[in-house]
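The values are calculated or read from the model by the stated rules, or taken from the named source; none is laboratory data. Just so it is clear, the model here is predicted, and its values are computed rather than measured. All Cβ positions, even for glycine, are placed from backbone atoms using ideal geometry, and neighbour counts span all protein chains on display.
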Amino acid sequence: MEQKMLTDPMVKPEDIVLEDVLGKSYPLFTEFVNKINELNLVLEWTYYNDAKSWLGKVLNKKKNLCWVSVWNTGFKLTFYFPESAIDEVYQLDIDNEIKNNAREIKPVGKSHPVIILVKNKKYIKNGLKILEYKKSLK
């Protein structure tokens, strides 16, 4: 199956559109959104011309904690950490698969990406642990 994401700038990522794109992953996505709302975080969508897609930002006030991208195969959470904070991510109680993938991804400038493809509830819990850690950083 070809991987597709939200690419039409005229079609905003509202619930009905997200449900159509995500398919069977939509309940996981709504669970994630409910959890971030409980943490008083906000998911803000913006269309980016350079990426030719809609991306969500999980915000704590004005601080971007992570990016959310929606695909027909699920959704991804992408976090960026400075050199000074990445070792703490590896100490978090999260799946080793996530830690190992993060170690293999090349830094983007001075930032270290941590990417989670949310496949089930376990990955939501992992993502929330990383969100809490990122929120605690100054």
Subject >> Contacts under 7 angstrom Cβ, first residue in the stretch 86-101 being free of Cβ contacts under 8 Å to residues at least 24 places away in the same chain, partner among the aromatic types (Phe, Trp, Tyr), 6 or more apart >> reply: Lys99/Tyr90
**OP:** Determine if the stretch 125-133 includes at least one residue that is among the polar types (S, T, N, Q) and either touching a Pro at 6+ places or on another chain (Cβ under 8 Å) or surrounded by fewer than 18 Cβ atoms within 10 Å (Cβ to Cβ) (or both).
**Re:** no
Original post:
When residues of the stretch 4-58 are filtered for being within 17 Å of Ile124 (Cα to Cα), of a type in the set (Ser, Thr, Tyr) and without any contact (Cβ under 8 Å) to a residue 24 or more places away in the chain, how many remain?
Top reply: 2
Subject >> the stretch 86-125, residues that are closer than 17 Å to Ser136 by Cα and modelled with pLDDT under 95 >> reply: none
Original post:
Quick one: which of Tyr90, Tyr123, Tyr80, Tyr133 is of a type in the set (Phe, Trp, Tyr) and more than 21 Å from Phe32 (Cβ to Cβ)?
Top reply: Tyr90
Original post:
Restricting attention to the stretch 49-59, does a residue exist that is modelled with pLDDT of 95 or more, out of contact with any Cys (no Cβ under 7 Å at 6 or more places or on another chain), surrounded by 15 or more Cβ atoms within 10 Å (Cβ to Cβ) and of a type in the set (Val, Ile, Thr)?
Top reply: no
Subject >> Single residue of Glu31, Glu38 found to be loosely packed, with under 11 Cβ neighbours inside 10 Å and modelled with pLDDT of 95 or more >> reply: Glu38
Original post:
Just wondering, is there one or more residues in the stretch 95-103 that are of a type in the set (Lys, Arg), under 25 Å from Gly23 (Cβ atoms) and surrounded by 13 or more Cβ atoms within 10 Å (Cβ to Cβ)?
Top reply: no
Subject >> Lone unmet requirement of (1) in a strand (DSSP E or B); (2) buried (at least 16 other Cβ atoms within 10 Å of the Cβ); (3) hydroxyl-bearing (Ser, Thr, Tyr) for Thr46 >> reply: (2)
